[in-house]
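Colleague: My questions will all concern the structure given below.
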Ligand code: HEC
Ligand code: HEC
């Protein structure tokens, strides 16, 4: 049987692409232009620039790693992270398609993030100390996270949202938090959590 050269080349390229994907992490690359259209449905809560809200209800998404956004959306869809608003959005038929998730994640990860700020202005130094010892090894020296390891960017996130997530994780209200992460946070005092949130909210992403 004669094999067409174009077919051989296509399969070699396919194998190389698969290898490259394995070497990093298997996150489908989304189409940011299509993602911007999807985001129109999210902007009413997350904000025109995906900056979130200062009351801590809605997180900033601008500049978050695409892999993190995709993972969290999948978790809401599968009921592994609880929030009535996000669960109802993800339950809608169109998000059964992973391409939609990849597209909106690609769009959001490309938006510029700005530091949210907030907090009393007194806890940042304490927060920086705890962060350097217990968190920087994963979330990065500047809170930049790590897309390949699916570790969220925390720099510039809303202060009240960060506080709430840290308390929710310790109190068992965020089931997708890894148990060893909860164990790391559990011994922290309320002032440590305030300080961490304040320090991180003010970091430039
Ligand atoms: C009705 C308001 C509302 C709408 C609309 C909405 N969200 Fe959310 N979103 C929230 C709230 C509230 C949270 C925080 C929930 C929690 O505490 O777990 C959230 C959390 C998230 C998170 C987790 C962020 C993180 O840092 O872990 C992602 C990702 C997200 N939303 C993406 C989207 C996308 C994409 C859309 C549009 C398809 C969307 N949201 C539409 C309210 C909304
Ligand atoms: C071993 C690596 C590791 C360490 C150390 C670590 N984290 Fe995390 N963190 C993660 C991962 C992975 C996630 C995503 C969990 C998930 O999938 O929901 C996360 C999620 C978070 C979130 C939720 C972000 C969001 O957008 O909702 C916060 C807040 C957070 N970590 C704060 C901290 C703080 C504060 C420390 C230090 C006290 C810390 N982490 C230490 C790996 C780590």
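One line per residue, one yes/no per condition, for (1) over 16 Å from the mean Cα position of the chain (by Cα); (2) within 15 Å of ligand 2 (Cβ to nearest atom); (3) closer than 23 Å to residue 41 by Cβ; (4) modelled with pLDDT of 90 or more:
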residue	(1), (2), (3), (4)
68	no, yes, yes, yes
72	no, yes, yes, yes
75	no, yes, yes, yes
93	yes, no, yes, no
117	yes, no, no, no
122	yes, no, no, no
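Colleague: A follow-up question, please. Pick out the one residue from 189, 202, 144 that is over 30 Å from residue 79 (Cα atoms) and either within 16 Å of the chain's Cα centre (by Cα) or not assigned by TED's automatic domain parsing to the domain that holds residue 55 (or both).
Modeller: Answer to the selection: 202.
So that you can scan it fast, the table gives a plain yes or no per residue for (1) under 22 Å from residue 204 (Cβ atoms); (2) in a helix (DSSP H, G or I); (3) within 11 Å of ligand 1 (Cβ to nearest atom):
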residue	(1), (2), (3)
87	no, yes, yes
103	no, yes, yes
108	yes, yes, yes
129	yes, yes, no
138	yes, yes, no
141	yes, no, no
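Colleague: Working only within segment 180-204, note down all residues that are part of a loop (DSSP other than H, G, I, E, B) and either under 12 Å from residue 167 (Cα atoms) or free of Cβ contacts under 8 Å to residues at least 12 places away in the same chain (or both). Walk me through it before giving the result.
Modeller: So in segment 180-204, the residues part of a loop (DSSP other than H, G, I, E, B) come out as 186-189, 203-204.
Within segment 180-204, 186, 187, 188, 189 qualify.
Colleague: Would you be able to say whether some residue in segment 159-175 is more than 18 Å from residue 130 (Cβ to Cβ), more than 13 Å from ligand 1 (Cβ to nearest atom) and more than 16 Å from the chain's Cα centre (by Cα)?
Modeller: Checked segment 159-175: at least one residue is more than 18 Å from residue 130 (Cβ to Cβ), more than 13 Å from ligand 1 (Cβ to nearest atom) and more than 16 Å from the chain's Cα centre (by Cα).
Colleague: The conditions are (1) surrounded by 15 or more Cβ atoms within 10 Å (Cβ to Cβ); (2) assigned to a loop (DSSP other than H, G, I, E, B), and residue 164 fails exactly one of them. Which is it?
Modeller: With respect to (1) surrounded by 15 or more Cβ atoms within 10 Å (Cβ to Cβ); (2) assigned to a loop (DSSP other than H, G, I, E, B), residue 164 is out only on (2).
Colleague: Filter segment 41-71 for residues that are free of Cβ contacts under 8 Å to residues at least 24 places away in the same chain and buried (at least 17 other Cβ atoms within 10 Å of the Cβ) and give the result. First the steps, then the outcome.
Modeller: Residues of segment 41-71 that are free of Cβ contacts under 8 Å to residues at least 24 places away in the same chain, as a first pass: 43-44, 46-48.
The one that is free of Cβ contacts under 8 Å to residues at least 24 places away in the same chain and buried (at least 17 other Cβ atoms within 10 Å of the Cβ): 46.
Colleague: Sort through 84, 136, 141 and tell me the only one that's surrounded by fewer than 18 Cβ atoms within 10 Å (Cβ to Cβ) and at pLDDT below 95.
Modeller: On the way: 136 fails: at pLDDT below 95; 141 fails: at pLDDT below 95.
Of 84, 136, 141, the one residue that is surrounded by fewer than 18 Cβ atoms within 10 Å (Cβ to Cβ) and at pLDDT below 95 is 84.
The values are calculated or read from the model by the stated rules, or taken from the named source; none is laboratory data. The structure presented is a predicted model; accordingly, all values stated were derived computationally and were not measured. Neighbour counts are summed over all protein chains in view; Cβ atoms, including those assigned to glycine, are modelled from backbone coordinates with ideal geometry.
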